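The values are calculated or read from the model by the stated rules, or taken from the named source; none is laboratory data. Not measured: the values here are computed from a predicted model. Neighbour counts are summed over all protein chains in view; Cβ atoms, including those assigned to glycine, are modelled from backbone coordinates with ideal geometry. These accessible areas exclude ligands, DNA and RNA; they are computed on the full protein's heavy atoms, side chains included. Shrake-Rupley method; radii C 1.70, N 1.55, O 1.52, S 1.80 Å.
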Amino acid sequence: MKPKIFIDGEHGTTGLQIRSRLAGRGDIEIISVPAERRKDPAARAEFLNAADIAILCLPDEAAKESVSLITNDRTRVIDASTAHRVAEGWTYGFAEMDRGQGKAIAEAKRVANPGCWPQGPIATLRPLLAAGLIPSDYPVTMSGISGYTGGGRSMIDDYVSKGEDAPEFMLYGLTFQHKHVPELKKYAGLAADPLMQPAVGNFAQGMVTTVPLQLSTLERVPSGADLHAAIADHYAGIEDSSVEVAPYEPVERTPALDPEAFNDTNRMRLYVFANDKRAQAALVAVYDNLGKGASGAAVQNLDLMLSRGW
């Protein structure tokens, strides 16, 4: 029998993208609540418990409710919400984070899909902390730009309704209480909360994140080549990685840092830029906030979980 996959919230942005990515696959069976039963609370519980893997594409509280409705010990869960990303008993769904992370996801009962904003900074910072080049108490700041789908349903509705009158560039999260801060702190290995400063552009999807580094504040100042080597070595050791590291080279600007460069893919490309004389560097990640940052990661995690066998 084919494994049954239930997407709880399949009509939202992430759910629709997951359905599109899974379309035509013959190795799984997608089960859906019939249209006439969508408002029936019992139907949701029924399909959650009928699934081999349930993918939750819901607001946080609804995702928690879905998990509570699973009464068997067989249904495995991928949660695309923020609800369980730092929760005990949940495996973080960033397969390239460590060499053993893919195996951990494959064997997990509960997988928390990563958020789009933290994934780029985690991808660049974690190898540097593991290599001892950046201390855990380094005061990390990060910024970036995302398509308006990275700001949630209210931002999507706002941009779509305004059309050409929507702002080309807009900072947000200016109260510095971004919901992804705990996730970034935990999985990058930081001792203190990072400062996150996101921005949105007038395009639907894609993103670039940047972590600037004032290396002169460190007792031992690594070179740009040191930073790049540590990051490159980390991803060279990851099998079937969708994360790649660009060559280390001095450039003033490059069109490669296009937030839409990897739209509709699961790819992420990392860059290191540095000025050794000034002891300054920037860690940059380019990826699709709806791909590697959401639906692409969910499908990657699904495939890892399916690889365990049925």
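Figures for the structure shown
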quantity	calculated
Sole exception among (1) assigned to a helix (DSSP H, G or I); (2) in contact (Cβ under 8 Å) with a residue 24 or more places away in the chain; (3) of a type in the set (Lys, Arg) for residue 179, by number	(1)
From 52, 98, residue being under 19 Å from residue 119 (Cβ atoms) and surrounded by 15 or more Cβ atoms within 10 Å (Cβ to Cβ)	98
Tally, over the stretch 152-187, of residues that are open to solvent by 70 Å² or more (accessible area, probe 1.4 Å), touching a strand residue (DSSP E or B) at 6+ places or on another chain (Cβ under 9 Å) and of a type in the set (A, V, I, L, M)	2
Count of the stretch 7-45 residues which are surrounded by fewer than 18 Cβ atoms within 10 Å (Cβ to Cβ), within 20 Å of residue 266 (Cβ to Cβ) and aliphatic (A, V, I, L, M)	4
Selection count, the stretch 275-310, where residues are in contact (Cβ under 8 Å) with a residue 12 or more places away in the chain and open to solvent by less than 40 Å² (accessible area, probe 1.4 Å)	25
Looking only at the stretch 222-244, and only at residues there that are small (Gly, Ala, Ser) and assigned to a loop (DSSP other than H, G, I, E, B), the one that is surrounded by the fewest Cβ atoms within 10 Å (Cβ to Cβ)	237
Evaluation of residue 244 against (1) closer than 18 Å to residue 122 by Cα; (2) without any contact (Cβ under 8 Å) to a residue 24 or more places away in the chain; (3) not basic (Lys, Arg) (one fails), failing number	(2)
Filter result for residue 250 (surrounded by fewer than 18 Cβ atoms within 10 Å (Cβ to Cβ) and either out of contact with any helix residue (DSSP H, G or I) (no Cβ under 7 Å at 6 or more places or on another chain) or modelled with pLDDT under 95 (or both))	yes
Qualifying positions in the stretch 182-216 - farther than 26 Å from residue 112 by Cα and either without any contact (Cβ under 8 Å) to a residue 60 or more places away in the chain or among the hydrophobic types (A, V, I, L, M, F, W, C) (or both)	201, 202, 203, 213, 215
Selection status of residue 107, free of Cβ contacts under 8 Å to residues at least 40 places away in the same chain and of a type in the set (Asp, Glu)	no
Of all residues making up the stretch 2-47, the number that are hydrophobic (A, V, I, L, M, F, W, C) and part of a helix (DSSP H, G or I)	8
Any pair with Cβ under 7 angstrom, 6 or more apart, that starts in the stretch 11-39 at a residue that is more than 13 Å from residue 296 (Cα to Cα) and ends at one that is of a type in the set (Lys, Arg) and in a loop (DSSP other than H, G, I, E, B)	27/2; 28/2; 29/2
In the stretch 193-212, the residues that are part of a strand (DSSP E or B), closer than 19 Å to residue 254 by Cβ and open to solvent by less than 10 Å² (accessible area, probe 1.4 Å)	201, 207, 209, 211
